[in-house]
Amino acid sequence: MKLALLALSATLSPLVGAHAVAHAHPYVAPTSTDRRSPCPMLNSMANHGFLARNGVNISMSDLISAFDAAINMAADAAELVGSVALTASTTGNASTFNLDDVDKHGIIEHDGSLSRADIYFGDNHSFNASIWNGTKAYFTEEVITISTAATARAARLALDATQNPSMNMTTSQFTSSLIESSLYLTVFGNPVDGNASRSYVEAFFEEERLPYHLGWVRPTDGSNVTTLETLAAKIAAVSV
Ligand code: HEM
């Protein structure tokens, strides 16, 4: 009996822990003065208070803690992109940045986003429902596979090239865009073969929230730069 209870408690405790994290980090929509970025995950983390809700003065250690607590992603991933974000800092302190600092085109922000317009059209920052609807039209099943994510991304890039006469992506921006698809497949599916839940991904992009309300919990499988790059390579390998 005692053993059975111990086994039950070992099974349940990660789940109880995950629910406690969700409870301590409720979703609150940003106010008109809160800063937000073109990144749906930085915005979601701020909307849940894993990052400062006002979106200002974010440090590397803030990112590392938030990546771990919110999405079980290792410090190497936070450091890789966080160090680039810091180069756009306008806070007056080179070791912090405001979320809207990363709007700056060409630092991380690039053309061909899944849910944002290109800088050429003016607003490269805000969620754009019509662009996103074009992307999610490819999500016809409840599970978003590697192949589905690759097809949706390729279609968005191809359409954008016909609409924006100055559409341009450097090799490294092209790679970042692959990693961004790898990121959402990892967090809302798994780091090895993606298979993200469509409803989680839609809530994430459309509402900029971690979809606890739909049953999502912090992934039990951790991710890091190697898993993200390996999954991105699988997306790149799909023939589209
Ligand atoms: C320090 C951490 C991070 C920084 C500074 C950052 C920054 C950015 C920026 C500037 C963009 C806009 C790129 C574009 O033009 O489309 C972006 C896009 C994106 N980010 Fe992040 N990001 C971070 C972490 C994450 C994480 C952990 C995820 C996990 C899901 C994520 C998911 C995405 C996705 C899916 C997009 C593509 C949005 C779209 O194409 O519409 N990011 N990120």
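The values are calculated or read from the model by the stated rules, or taken from the named source; none is laboratory data. Keep in mind that this is a model prediction, so the values were computed, not measured. Here the Cβ is made from the backbone with ideal geometry for all residues, glycine too, and neighbour counts use every protein chain on show. For accessibility, only protein heavy atoms count, side chains too; no ligands or nucleic acids. Shrake-Rupley method; radii C 1.70, N 1.55, O 1.52, S 1.80 Å.
Look through Leu99, Leu86 and report the one residue that is over 18 Å from Pro40 (Cβ atoms), touching a strand residue (DSSP E or B) at 6+ places or on another chain (Cβ under 8 Å) and of a type in the set (A, V, I, L, M, F, W, C).
Leu86
When the residues of region 28-49 are narrowed to those that are more than 16 Å from the ligand (Cβ to nearest atom) and within 18 Å of Phe127 (Cβ to Cβ), which ends up surrounded by the most Cβ atoms within 10 Å (Cβ to Cβ)?
Top of the filtered list is Asp34.
Which members of region 61-97 meet the condition of being polar (S, T, N, Q) and closer than 26 Å to Tyr212 by Cβ?
Applying the first criterion (polar (S, T, N, Q)) to region 61-97 yields 61, 65, 72, 83, 87, 89-91, 93, 95-96.
Ser61, Ser65, Asn72 - these are the residues of region 61-97 that are polar (S, T, N, Q) and closer than 26 Å to Tyr212 by Cβ.
Can Lys104 be described as basic (Lys, Arg), near the ligand (Cβ under 9 Å from one of its atoms) and either out of contact with any Cys (no Cβ under 9 Å at 6 or more places or on another chain) or modelled with pLDDT of 95 or more (or both)?
Spelling it out, Lys104 is indeed basic (Lys, Arg), near the ligand (Cβ under 9 Å from one of its atoms) and either out of contact with any Cys (no Cβ under 9 Å at 6 or more places or on another chain) or modelled with pLDDT of 95 or more (or both).
Select, from Glu180, Glu142, Glu207, the only residue that is within 11 Å of the ligand (Cβ to nearest atom) and not polar (S, T, N, Q).
Values: Glu142 fails: within 11 Å of the ligand (Cβ to nearest atom); Glu207 fails: within 11 Å of the ligand (Cβ to nearest atom).
Answer to the selection: Glu180.
Here is a list of conditions, (1) modelled with pLDDT under 95; (2) open to solvent by less than 20 Å² (accessible area, probe 1.4 Å), and His19 meets all of them except one; can you say which number that is?
Of (1) modelled with pLDDT under 95; (2) open to solvent by less than 20 Å² (accessible area, probe 1.4 Å), only one is false for His19: (2).
Out of (1) touching a Lys or Arg at 6+ places or on another chain (Cβ under 9 Å); (2) near the ligand (Cβ under 9 Å from one of its atoms); (3) outside any loop (DSSP other than H, G, I, E, B); (4) open to solvent by 40 Å² or more (accessible area, probe 1.4 Å), what's the single condition that is false for Phe127?
With (1) touching a Lys or Arg at 6+ places or on another chain (Cβ under 9 Å); (2) near the ligand (Cβ under 9 Å from one of its atoms); (3) outside any loop (DSSP other than H, G, I, E, B); (4) open to solvent by 40 Å² or more (accessible area, probe 1.4 Å) applied to Phe127, the lone miss is (3).
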